[in-house]
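Let me begin by presenting the structure, written as structure tokens, before commenting on it.
Each value in this text was obtained by applying a stated rule to the coordinates, not by laboratory testing. Just so it is clear, the structure is predicted and the values come from calculations on it, not from any experiment. Glycine gets a Cβ as well: all are built from the backbone with ideal geometry, and neighbour counts include every protein chain shown.
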Amino acid sequence: MSVQKNPVAPLKDLRQVVQMQDGTGVKEEVKFDNGEFQWFVDQARQSYDASVEYFEATQLEQIERNLDNFASRHPADSRYHTEEYRYRSRTFKPKTRIAARQLEEDAAEIFFASQDLIDIRPVNKDSKEDAFVARVHKHMLMTHLEDNLEYFQFVMGGVQDAFKQGDVVSAVAWESDEGEGTNRPTWRLIPIENIHVDPAASWMDPVGTSPYVIEDMPMHIQSVQDRMAEPGEKPEGNQWRWSDVGVLLGASKRAELREGLRAKREGDTIDPLTSNTFRDVEEHMVVMVRRVILRVEGVDWLYYMVGGDLLLSDPVPLRDKAPWLREGERDYQWGYAGVETHRVYKSAPAEWLQDLQAAANIGHNQRTDNITLALNKRYKVKRGRVLDLNSLRTSVPGGIYEVDEMDDVEPEQWADVGGASFYNEDRLTNDFDSLAGSFNQGSVASQRSLNETVGGMRMMAQGSGKARGYMVLTIAATWWGKVCDALFRMIKQYATEDEIIDAVDQMLADGEPVPDMQPLDLIKVPTKLKVNMRLGADPMTRMNNLMSVVANFRQTPIEMQVDWAELFKEGAAAAGFGDGDRFLVDTEGQDPQVAMLQQQLQEMQQIIEQKQVEQQGKMQIAQLSAETKRMSDQLKSQTALAIQEIKASIADQDRLIEAEQNEIDREELVLAREGLIHQLNVARFNMKKELRGLSEGDSESPAPGKAGEMARDDYGNLPGRTG
């Protein structure tokens, strides 16, 4: 089938007022004359209506319930919205939201903790030039991801969509504006109610196998008109046909809009995308533009509409607008949180947990009602008696109310909550945590048989981590990997020469040898993208696993002929590091015998270095012993000389004492002699202490004596000394 383009006629020639007869009389309706493209308009409208009808009949109610549980609100059909439960406890236990937060925490750790989650590899592994080009490609991809502040929100929002909706859908595009100097990829998440595919599409690839893909794009009228050509002019490039505000609003009102679901996302309030009642400025009002991809005879055609009748752009081949796409590929990525065969719209984790969430709410609220009644009882009163009912209702502590007879009022007795109720809650918590992969303090408290040991705690944490890790792995494999692959191909398609040169300069700064190729030729070298995803292991466990793998490999006998690269890949995969290829050095073309001899040489060098360290240690010990002996001998000689001097002083004092006749002077000489004897004892004590310190390796000087000891020279300055 061939599609011919013709100049766009003025708007006044595209609208026709048609009189229609119905049960209420004659009414006028605006019709749009889309010329030779009317067939495309009819196909899009009929396909859209069929998809919306199926979605609203099978998915809408369930997704609204999922959004309520995620927002910790009781679903619309819950008993707690009835009049009977108006005065009952209506608490919502946020178990679903806790499970979602834990999944997001794991996803953040997996997607953003590792620097090598995305790997670009050369198709020709034997070429060093191709390996260099692969590193350049990876640098360019990571630069675009890390420089975009919305990337974190985009990835975490996709994980959250998969938890709430079951499916996550996104679209990627390229934004280039020479005036503003922008040249970058863009991405956006699409609510599941805004994407429409055929219900009979393949469950593994709904976007690629559906005969049509229609997206509802909420846009401000101002943004729509910015993309339009001037009135009466032919659109050029990416321009749309001109339409005034009234026409856009009139066409959009006839669109099938699921306002209830969008209102749920806002907390059961007004849908901000479809309600313009609070907007006074026409240019700020929102219309729903339909982006249509229709496959005709194997070719995907792209065009835009408002509502089911107003055509904004002529149909063009999709690959003309997105040349980076593969044959038959669409520029949407559809993934999910759990594999569910033969079903286009997958059930969400929030749906898996809804019955357990409801049971937990019921049990908690019933216990709360029971406790409330036990503390504030209900009363039975005799009919027709004059009683102060308000006083009974308030139940003020210490309050008094009057009765005619003592049996006019009788309180109802309520038994306390039994242990079976709490036991049942523990069982529900265990089932919920097992399904959601949750592990928190509540899980520890309920698993009494395991939480009493560290090993039991580790078992519970690892089991829950694997469950959540599997969900993140599924999201990454079915959605995030497709996003990265599309971004990578767009970068190769639209990269400028300056961006390539910047990446090459970075490689030069790192000391990389640059092949002799033109910058634009570097981007044409074929490479492939791989996502290095691990499953169910925390960073410390991953590190311990990797170290144990390396240690076990080193204990293998050298004389065995072992393919170390393959063995390491197997061990790294078991430890959660994929094939571990990024840890290996390329030794292609090296003789295995030479490699084995080099390994033996390295081990012999390690042994020699160890022996050298031991010999150096022995020499240092010998030197230290000799130095200690020298210092000890020196200390002994110095102390012996000091002792001899003190002994000589004592002998002189003895002679003076014998010759002294004055009793007072004699007592002073005796006191001085005792001081010299004390100095002698202190000198001997200090020598022993320093020798002991040298033997223990302590080279510091001994601490000074206690406060109050008289210094040696002070004994010669005694009061009353004469002569």
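Legend: calculated FRET efficiency, Lys618 to Gln644, from the Cβ-Cβ distance at R0 = 45 Å, rounded to 0.05, equals 0.70. Cβ-to-Cβ counts within 10 Å put Met604, Met285, Met204 in ascending order as Met604, Met204, Met285, the fewest first.
Given a cut-off of 28 Å, name the pairs among Lys321/Lys530; Lys611/Lys689; Lys321/Lys528; Lys93/Lys346; Lys128/Lys611 whose C-alpha atoms lie farther apart than that in the structure shown. Intermediate values should be presented prior to the final figure.
Details: Lys321/Lys530 26 Å; Lys611/Lys689 37 Å; Lys321/Lys528 23 Å; Lys93/Lys346 25 Å; Lys128/Lys611 39 Å.
Pairs exceeding the cut-off: Lys611/Lys689; Lys128/Lys611.
Among Glu351, Glu609, the ranking by other beta carbons within 10 Å of each residue's beta carbon, starting with the fewest, stands as Glu609, Glu351.
Going through the stretch 81-137, which chymotrypsin sites (Phe, Trp or Tyr not before Pro) have at most 14 other Cβ atoms within 10 Å and a DSSP loop state? Qualifying residues, ordered by number: Tyr87. In terms of the mean number of neighbouring beta-carbon atoms within 10 Å, the peptides 520-526, 420-426, 289-295 order highest first as 289-295, 520-526, 420-426. Listed by Cβ neighbour count within 10 Å, with the fewest neighbours leading, Leu392, Leu601 appear as Leu601, Leu392. The peptide list 670-683, 175-188, 641-654, put in order of mean Cβ contacts within 10 Å with the highest first, becomes 670-683, 641-654, 175-188.
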